[in-house]
1. Would you please give the residues with an amide H less than 5 Å from that of VAL183, counting only those at least 5 places away or on a separate chain, with H modeled from the backbone geometry?
2. With each label point set 7 Å from Cα along the Cα-Cβ vector, what nm distance links SER11 and ALA195?
3. Among DSSP beta bridges whose residues both lie in the chain, state the antiparallel percentage, nearest 5.
4. Could you work out how far apart the two model spin labels at THR2 and ASP54 are, taking each label as a point 7 Å from the Cα in the direction of the beta carbon, and quote it in nm?
5. Which whole-Hz couplings ³J(HN,Hα) result when phi for each residue of segment 84-101 is put into the Karplus expression 6.51 cos²θ - 1.76 cosθ + 1.60, θ = phi - 60°, listed in order with x for Gly and Pro?
6. Counting every Cα pair in segment 4-207, what percent are over 25 Å apart?
7. To the nearest Å, what is the center-to-center distance of segment 25-93 and segment 107-168, using C-alpha atoms only?
8. Based on the Cα atoms of segment 10-74, what semi-axes does the equivalent ellipsoid have, where each is the square root of 5 times one gyration tensor eigenvalue, given in whole Å with the largest first?
Amino acid sequence: MTARIERLVTSGQFSLDGGTWDVDNNVWIVGDDHEVIVIDAAHDARAIADAVGDRRLTAIVCTHAHNDHVNAAPALAELAGAPILLHPDDLPLWKLTHPDRAPDAELADGQVVAVGGTELTVLHTPGHAPGAVCLYAPALGALFSGDTLFAGGPGATGRSYSHFPTIVESIRERLLTLPGETVVRTGHGDMTTVAAEAPHLAEWIARGF
């Protein structure tokens, strides 16, 4: 059985630095008819569990620990009996949302997450958050970019724990080196491709954002 990618959009709020914004999040489910992983358990654990169905959830992978990407993770973990995986550099952000519940395991650059016969490689891409990661699945022609890269440019870096020069370096060195046809499946909004984002990054650098 070939692994496939499913998208669920959930809605809620993102809060940081005293501000709150309404957001829609892409929750990515990757696997086959028997087992899957969830990338970014956002807002609605029951809706995500329903989308997983009777398949075994082997891991809840967090691309970063902003509350809108992890707020449903503990509840989903309890429902499905699955571990939560997070890069340790994002623990300070995680604790803002879940001070009494730690992730179950750490993500590391170069780590491989296997599910449904497909391998996803963890790419540490700090900038939007210190422990931000992307997941690259070459067999699926897919990059799960969290909030590091969007259709139109880099993720936001105007709030705590973020840094624009760092996200630019992450995108340039870790993401734009991937095959141009790789489909970028983002944390919010529309998909794009690696090739489509190369000129956008150059524009953002020139504009000094």
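Here, each number is a calculation from the coordinates, and none is a lab measurement. Just so it is clear, the model here is predicted, and its values are computed rather than measured. Backbone-built Cβ (ideal geometry, glycine too); neighbour counts: all protein chains shown.
1. ALA142, LEU143
2. 3.6
3. On the way: 32 of 45 bridges.
Antiparallel bridges make up about 70 percent of those DSSP assigns within the chain.
4. Spacing of the two 7 Å Cα→Cβ label points: 2.5 nm.
5. Here the 3J(HN,Hα) series is 9, 10, 8, 5, x, 5, 9, 4, x, 5, 4, 5, 5, 9, 10, x, 10, 9 Hz.
6. Details: 6063 of 20706 pairs.
So the pairs more than 25 Å apart make up 29 percent of the total in segment 4-207.
7. 16
8. On the way: eigenvalues 114, 23, 13 Å².
Result for segment 10-74: semi-axes of 24, 11, 8 Å.
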